[in-house]
Structures are given as structure tokens and as C-alpha cells.
Number of protein chains: 2
Amino acid sequence: MLKGILDYAHYLLKESVELGETVIDATCGNGNDTLFLSDLVGGEGHVLAFDIQEQAISATKQKAADLGKTNITLIRDSHANAADYIMREIGGAIFNLGYLPKSDKAIITKAESTITALEAILSYLKKDGLIVIVVYHGHEGGKTEKEAVLNYVTQLEQKEYHVMRYEFINQKNNPPFLLAVQNRK
Amino acid sequence: MLKGILDYAHYLLKESVELGETVIDATCGNGNDTLFLSDLVGGEGHVLAFDIQEQAISATKQKAADLGKTNITLIRDSHANAADYIMREIGGAIFNLGYLPKSDKAIITKAESTITALEAILSYLKKDGLIVIVVYHGHEGGKTEKEAVLNYVTQLEQKEYHVMRYEFINQKNNPPFLLAVQNRK
């Protein structure tokens, strides 16, 4: 059975992240991926969860509190500043590109900050670690970001990184697709 | 860790094929996929393995004999005639598009017969079963077949089939990519 995009994103992280590692949710949004990562790394691990929107931070904070999570740091700042916050090797990361569901569609991730964040995280990513990027691109501004991110990742050196695209190609209405970058160094 | 194209092709079939089923290797080539499928379906199952080249049939026959395989039928005919040979529901199938390695590069799979074979097998494919297609396209004639096959699968009705593409996008020299079609009906 073929995994849907979100299931596949989680599957890839589950296969590559280890207990005790520090991992990143670059777009914490509704908090689901943050909580998923929190479970993967366990009590000795740590999740750095970024979002620029108060609504996202407070929703994630509430969910984390309800579950008694103690291994999450919420950061209300752009993931473009990720390098300021990373203190050690990163076991894996996830990005959801686009806008926060049920929120202001004018507030979207943008190519420049996304690529700055990718560069920062790649420089700390463990060997064989993955950055998983779920690319929503049907909204206004989505196509521009999609093309810039694709252009960036396809130019990553083949000897240093594997870059994989996973996509359903017979669906209407610009469905999201997945990119995964694996550090080979 | 990201799976390479051939590992991922086998992974998908392993996840979806059951013991006792009939499955198809549409391009038996050097026989590796035929033997892999033979193991997946077991002694009660059956593999129909097609190839138009004597060299492929004899290589596969030898390997199957060496391993004492009794659940393989080798068919020296075009997979375009698959409908003539299929007697029951199909649990899964694999295609390797291109030419037989270490053989005559002028003998290649071609769009028209590939699509005829896909149509035949899809009509017998079990619910949730997969056809996995490994698309080699760097050889002469490869681009034409690739585009025709992509055009065919992307037009498969979204409600009836999932069509997924898995590809490494930062590699040089036209690396193969994978297509998987899942029957939802």
C-alpha cells in the first residue's frame, strides 16, 4: 500500500531519528509534527519547534502541556534564524511549506527564509540524517516558493546529499509532495 | 535512510504481495526480480515472467533451476500479450523499462507495448495491488517511452488508482526513477 504524503514523512523520520537526539520542527503549525518528533526522541531528546505565528505557538504549547511533554522548546522566531538556536548535531527535521491551516492565508513560508533555514540545518545534520519537506504549493505564492526550493535542493551535490522527491502524479488541485534530503557526509 | 530505486521497488512489492498469489515480472531480464517474486508468493503462488529475448529467458531459467524453483512460468513473448496468459487475479507486477544490461542496446521496451501490457495487468490487478515500474530512460528511445508512460499513468483516474513517482532529483546521467500504480477499486 502506498503511503500518503504525511504518513510517508513520518515514516522517514521514524526510520532515521534515534532516541536522545535533537530534532527540528521548522514550522510547528498545529503542533502535530512537534508532538510526533517529541515521541521519537523521548525524554532524553529534544525538539526545537519554530513558528512565527502566535496562534501556532500557543496551540502547540497547549497540546504539549496536555500531554506533559518536557522535551520541547517552542521558538517564536523565523526558522531562517535556526542557526542561532542549534547547539548540537541534529538528528532530523521537518518543514511544512505553505500557510497555517484555518489561519491567515497571507502568512506563508517564503523561499528565502526556507532556504536559509535548510542551509543552517543541513550544516548540523547527522550523517544519514534526513530533512523532510512537505511542499504545499496551491496557494498564492506557493508556486514561487516551490520552484525556488526545488532549484536549491536539486543543486545539492550528489556526493554529499541524496535528494528524493515522492509525489502522487494523477491528482487534481496541486496536492502537496514530499522532498527528503539525506546527508551522506 | 532513503531506499535506492531497486530496493524501494522490492520493498513496495514485499508490502503488498501475499503468499499464494499470481504475480508478473513483465521484463524478466537477468531474472533477479523473477526470483524475488518467486520467494514472495511461495510454493502455492505463481510467477509469470515475460521477455522477448532468448538470452533473458535462458539466464532466468538457469537461475530458477539452480534454486529448484517450481513456481515460475517463463514466457518468451511480448508483455503486450499478457492478457493471453493471465488466468486469475494478479497480486502485483514489476516492469523494468529500457534494455537488457550487457546486451543489445537496440532491443528496448517501447511505449506502445508497455502501455498495452499495463492496461492488461491493471484489469486483473487485485484491490490495493501494485504495479511497480522502474523507468530507465537514458538510452536512445528512452525519453520517448518515458514520456508516453508518464502521460498514460498521470491520466489514470484518481478515484480508481493512486499513481506515485519516486525519484532522486540531484543525480546526473538520467538515473532511473520509479512509478507505482495502486488499484483502489
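All of the numbers you see were taken from the coordinates with simple rules; none came from a lab. All figures in this text were calculated on a predicted structure; none of them were measured in a lab. Cβ sites come from the backbone with ideal geometry, for glycine too, and all protein chains shown count toward neighbours.
Placing one identical point scatterer on every Cα of the protein assembly as shown and ignoring solvent, what is log10 I(q)/I(0) from the Debye formula at q = 0.10, 0.12, 0.15 Å⁻¹?
Debye output, listed in q order: -0.69, -0.92, -1.20.
So for the range B:65-132, considering every pair of alpha-carbon atoms, how many percent are separated by more than 15 Å?
The answer is 61 percent, as a whole percent.
Is it possible to state the helix-based mean residue ellipticity at 222 nm for chain B, with each DSSP H run of 4+ residues giving -39500 (n - 2.57), the sum divided by total residues, to the nearest 500 deg cm²/dmol? What is it?
My calculation for chain B gives -11000 deg cm²/dmol from helical runs alone.
Residues of B:163-174, mean number of Cβ from any other protein chain within 10 Å of their own Cβ, rounded to a whole number? Display every interim value, and only then the final one.
On the way: counts 6, 11, 7, 7, 5, 9, 9, 14, 4, 1, 1, 0.
Mean shielding count: 6.
Starting from the Cα of B:ALA65, step 7 Å along the direction of its Cβ; do the same at A:GLU112; then give the gap between the two resulting points in nm.
With each label point 7 Å from Cα toward Cβ, the separation is 7.0 nm.
From the Cα gyration tensor of the range A:4-56, with a ≥ b ≥ c the square roots of its eigenvalues, which class applies: rounded if a/c is under 1.5, or else prolate if a/b is larger than b/c, or else oblate?
Details: a/c = 2.44, a/b = 1.23, b/c = 1.99.
It comes out oblate by the Cα gyration axes.
Whole percent per 5 Å bin, from 0 to the bin with the longest distance: what is P(r) over all C-alpha pairs of chain B?
The calculated distribution, bin by bin, is 1, 8, 18, 22, 23, 16, 8, 3, 0.
According to a simple spin-label model (label point 7 Å from Cα along Cα-to-Cβ), what is the distance in nm between A:LYS102 and B:LEU6?
If labels sit at B:LEU6 and A:LYS102, their model points lie 4.8 nm apart.
Please go through the range A:1-63 and write out the chymotrypsin sites (Phe, Trp or Tyr not before Pro) that DSSP classes as loop and that have at most 14 other C-beta atoms within 10 Å.
Filter output for the range A:1-63: empty list.
Other chains near A:13-20: what is the mean number of their Cβ atoms within 10 Å of each residue's Cβ?
1
List residues of the range B:76-91, by number, whose backbone nitrogen lies under 18 Å from a label position 7 Å along Cα→C-beta of B:GLU119.
B:78-86
Relative contact order of chain A, please, whole-number percent, based on alpha carbon pairs below 8 angstrom and at least 6 residues apart.
Relative contact order for chain A comes out at 21 percent.
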